[in-house]
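The values are calculated or read from the model by the stated rules, or taken from the named source; none is laboratory data. Worth saying up front: this structure is predicted, and the values here are computed from it rather than measured. Note: ideal-geometry Cβ built from the backbone for every residue, glycine included; neighbour counts use all protein chains shown. Accessible surface is based on the protein model in full, side chains and every heavy atom, while ligands, DNA and RNA are left aside. Shrake-Rupley method; radii C 1.70, N 1.55, O 1.52, S 1.80 Å.
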Amino acid sequence: MISLKQKETTKKDALAYKAFLITGIVQGVGFRPTVWRYAKENGIRGRVYNSQQGVIIECLGSAHSIEQFIDKVVACPPPLAIIDKVTRAKPSANSHYEQFDISPSEGFDESAEAFDASNTHINIHLKSQNSIGADTKTCKACIDDVKSSNNRRTNYAFTNCTHCGPRLSIAHKSPYDRNNTTMADFNQCKTCLQEYYSPSDRRFHAQPNACPECGPQLKLYDVVANTIDCDNPILAAAQAIKNGKIVAIKALGGFQLAADARNIKVIERLRQLKKRPLKPFAIMLKNAEQVASYVYMNENEKTLLESPAGPIVLMRKRLLGQNLQGVASNQQSLGVMLPTTALHQLLLDELGFPVVMTSANAKGQPMPISTENAMTQLDGITDLVLTHNRGIVQRIDDSVARVYQNKTQVLRRARGYAPQSIALPPGFEQTPNIIAVGADLKNTACLFNQTGAVLTQHMGDLQDPSNIAAYENALVQYQGFLHFTPNLISHDQHPEYQSTLIAQNLAYEHGCQLDSVQHHHAHIASCMAENALALDTKDVLGIALDGLGFANTSSHCDDSQSHQQAEHAIWGGELLLVNYLSSTRLGGLKAMPLLGGDLANQQPWRNTLAYLLDIDEWEAISDQYQDLAAIKRMNTQPALNLARMNTLAKQDAAKVNAPLSSSCGRLFDAVAYLCGAFTDYEISFEGQASMALEAAICKEEWKSQNAYSFVIVERGNSRQIESEAVFLAILNDLNQGVSVGKISARFHRGLAQVLASICIKFATSLHINKVALSGGVFTNLYLLRAVQRYLENAQLQVLTHSKIPCNDGGISLGQAVVTAARAIKNIQGAH
């Protein structure tokens, strides 16, 4: 007679044949050899292979061993892998396995019975349908190979393995196999092939695997495309940089410009050639120890800096960094990155000093990805071109990130992060295929369906035709990667956005419907989605602060004056009541005229004038505060004379070419110009005046808690934040000789207090405990920290961004989830 214990043991040891589908970032990251090793450890027979759905594992062994094996795969994947879901699959007919093998990739099987999604082994929420990973920084093991004196890859600039190197940038299509990448142009030598086919080697199926004998090669050209003969192009390029030259370098996702960051003259020349007079540059240093000489860096920042993503990390400058005056003048922070490829590492090791590393593009244009285009586009900008013959398919900028509250906060999502997908919040499982085209500035697009949200890399501003062409090309490639055909196209409500025109063309091409989403609704919805708020979340409060967004003309306001403002204003400083389906404006900054229309976005003094004219007539303000520097500038400069002031005042009165706007960005511009944080006639890059105001903050005054008092005016059920008292206080402080730094601190503190105050009042009256913060103004750390602290002190849960930028780089995700929510409601209503 068999005992109960013996029965359990017999059942546990019974031979089983099972198959699993693994989805996520599991191809091209050393996943299959890791599975192979774990299978050997657990005595599993079978095979593992790539498919266009993910990785499939077929297992033959005892039920207990298979369970242990799959648990190990989930718990300990390779470094770059992201497992999103493990689903039971239907095994193939062949079950006669003598060992565990790694099989060639197989095509997409569309048969309904291929996978049984209802029988789930491990219920990890699905994040990704994408089999192509992000480009990552060269790993330490490969750098050690490059630096070794007796390795066959010593000094080889294209060294990589399954744990690092190019992926998205070289991929033509999925699955991510060598023949589907630009590495198909290079036949591996015998030794590389041995690595490539050995499961125990870290270069097993590393698609860009190569060595000096069989892989890509470097070339150095002068400005007229003549080859420069030299034994070592990297050393020759390094010597040129030492001599004060600007060198274009073909990096992972496109060409970069490199120059000596300590050489003020060469940096000034670089700025002139790039038409980038003041925007901060990022620098590259050879290691974290060197970085610590230029910035204050904590352990979290060091971890982010050295992470596989390898972004530009914003950190607080040290005084020692003042010898980099031409790099990021008048800024408290400095953007720093480590070498992202072996090429960069070899260059920085030779130089030993900080190097400006910036995208090699003229202002407003995409950076070149081919040597031919680089020679043309960079004519007159660079002195030398260090290039190679490995093709780039996808143009990818460097990502920008910082550490906020011990977490990574991505501000520009590109190399190292895209195309990693974002998890669907609960309730979105029925969503159709949606392409959200994003905004016109800091653009990304989002491909959204039942398996997750995939955002493109940062595509830049859709103003130059070449950028639009690059955007459209990338969108086509992403649809190919994901085998994605849209059912809906989501876009911004602004009728004149280039992205809106692109959306219309996409809808026509695919024969599908358009859905427009209000700009600030999309901002808050993106924050909700990133924080995994469920589809049926009733309402949250949203504070959306940015430069501008087309207003929601259907927004309900009880008061007629507020309703008129909400209908006609360009928004940018809003308190909203939001769920995925709808958004209602509860209040926000008082709408002010943008004097001169779009010129007000470029010339901060126009916004200062608008706010001062809200206090009194210009003559009265000018007479009373005639000794103030800002007033003198506005009265004495040829373009800002008194007659001009009167003309603009009449524009204000007649609302001629002066649309109303509640823009928080323009409020910052107005204060920056008035107090002297920014004094130029015109900005040279977006957010320049606002950044100058933030950088000017006096830390001692900030700690003192002194603040200017904004006024909240109740209009029915809405609340309007008015600034007259703040501008009068600034004028009087300036008359008293109060410093720019103190004025900036008091302004930031006062704005944070009034935003939190109005939010807390609505949270109490509406019984809401969640507040989402979004919009580009929240890249301002002082304002973000203060608003969050005040809200949390009132026991409110504050949602902020981390993986997705708070600026317009996150708009596409917000558009997608709003359109998806509407579509799901329609589907459910139809049933």
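What you get for the stretch 570-715, charging only the Cβ of Lys and Arg (+1) and of Asp and Glu (-1), is a dipole of about 260 debye around the Cα centre. Counting only alpha carbon atoms, the long axis of helix 740-766 and the longest principal axis of the chain meet at about 70°. In the stretch 385-410, whose amide N lies under 14 Å from the spot 7 Å out along Cα-to-Cβ of SER370? List them in ranges. Counting only backbone N, you get 389-395. Rounded to whole numbers, the Karplus 3J(HN,Hα) couplings from phi for the stretch 506-521 are 5, 4, 5, 4, 9, x, 10, 7, 9, 9, 9, 10, 4, 3, 7, 4 Hz, using 6.51 cos²θ - 1.76 cosθ + 1.60 with θ = phi - 60°, and x at Gly and Pro.
Axis angle, to the nearest 10 degrees, between helix 724-735 and the longest C-alpha principal axis of the chain: 70 degrees.
Largest accessible area first, the residues THR456, THR779 order themselves as THR779, THR456 under a 1.4 Å probe with ligands, DNA and RNA left out. Extension gain, CYS214 to ILE82, is 44.4 nm, computed as 0.36 nm per intervening residue step minus the present C-alpha separation. Computed from backbone phi, the HN-Hα couplings of the stretch 145-160 come to 4, 5, 7, 5, 8, 10, 9, 5, 9, 3, 6, 8, 6, 10, 6, 7 Hz, rounded to whole numbers (Karplus: 6.51 cos²θ - 1.76 cosθ + 1.60, θ = phi - 60°; Gly and Pro given as x). 3J(HN,Hα) along the stretch 585-597: 7, 8, x, x, 5, 4, 6, 10, x, 8, 5, x, x Hz, from the Karplus curve 6.51 cos²θ - 1.76 cosθ + 1.60 with θ = phi - 60°, whole Hz, x for Gly and Pro. Extending 7 Å from the Cα toward the beta-carbon at both TYR681 and GLN797 defines two label points whose distance is 5.3 nm. Considering only ILE758, ALA820, GLY737, and ranking their Cα positions along the charge dipole of the stretch 713-831 that arises from unit charges at the beta-carbon of Lys, Arg, Asp and Glu, the one farthest toward the positive end is ALA820.
In terms of the mean number of neighbouring beta-carbon atoms within 10 Å, the peptides 58-69, 217-228 order highest first as 58-69, 217-228. Take every DSSP beta bridge whose two residues both sit in the chain; close to 75 percent of them are antiparallel. At R0 = 35 Å, how high is the FRET efficiency between ASN226 and ILE264 if r is their beta carbon distance? Nearest 0.05 is fine. That pair, ASN226 with ILE264, gives E of 0.70. Projecting the Cα atoms of GLY460, LEU314, ASN406 onto the charge dipole of the chain, computed from C-beta unit charges around the Cα centre, puts ASN406 farthest toward the positive end. For ALA772, the amide hydrogen comes within under 5 Å of the amide hydrogens of LEU541, GLY542, ILE543, LEU799, counting only partners 5 or more places away or on other chains and with H modelled in the peptide plane. When a/c reaches 1.5 or more, the comparison of a/b and b/c decides; with that in mind, is the stretch 746-831 rounded, prolate or oblate per its Cα gyration tensor? Cα axes put the stretch 746-831 in the oblate bin. Working from label points 7 Å from Cα in the Cα-to-Cβ sense, the SER148 to TYR17 distance is 4.3 nm. Over the chain, Cα pairs under 8 Å with separation of 6+ residues give a relative contact order of 11 percent. Label separation (GLN430 vs LYS173): 3.4 nm, computed from points 7 Å beyond Cα along the C-beta direction.
Here the stretch 202-264 is treated with +1 on each Lys and Arg Cβ and -1 on each Asp and Glu Cβ, and its dipole about the Cα centre works out to around 280 debye. Computed from point charges on the beta carbon alone (+1 for Lys and Arg, -1 for Asp and Glu), the dipole magnitude for the chain about its Cα centre is near 1860 Debye. Using a probe radius of 1.4 angstrom, the carbon and sulfur fraction of the accessible surface of the chain is 48%. Between ALA534 and THR191, how high is the FRET efficiency from 1/(1 + (r/R0)^6) when r is the Cβ-Cβ distance and R₀ = 60 Å? Nearest 0.05. After rounding to 0.05, the efficiency reads 0.70. Partner aspartates and glutamates whose Cα lies under 18 Å from the Cα of LYS219, excluding those fewer than 8 positions away in the same chain, are identified as ASP185, ASP229, ASP231, GLU350, GLU372, ASP379, ASP383.
Maximal additional length on extending the ALA75-GLN705 stretch stands at 222.1 nm, based on 0.36 nm per residue less the C-alpha distance. Among 466-476, 727-737, sorting by the average number of other beta carbon atoms lying within 10 angstrom of each residue, highest first, gives 466-476, 727-737.
From most to least packed by mean Cβ count within 10 Å, the peptides 518-530, 254-266 give 518-530, 254-266. Listed by chain and number, the lysines placed with their C-alpha closer than 21 angstrom to that of LYS632 are LYS650; residues fewer than eight positions away on the same chain are left out.
With respect to the chain, whose longest principal axis is taken over its alpha-carbon atoms, helix 781-793 is tilted by about 90°. With one equal scatterer per alpha carbon and no solvent term, the Debye-computed log10 I(q)/I(0) for the chain at 0.08, 0.10, 0.11 1/Å reads -0.74, -1.12, -1.30. Pairwise Cα separations in the stretch 676-805 fall into 10 Å bins from 0 onward with the following percentages, short to long: 12, 37, 36, 14, 1.
A probe of 1.4 angstrom, applied to the heavy atoms of all protein chains, finds ASP669 with accessible area near 10 square angstrom.
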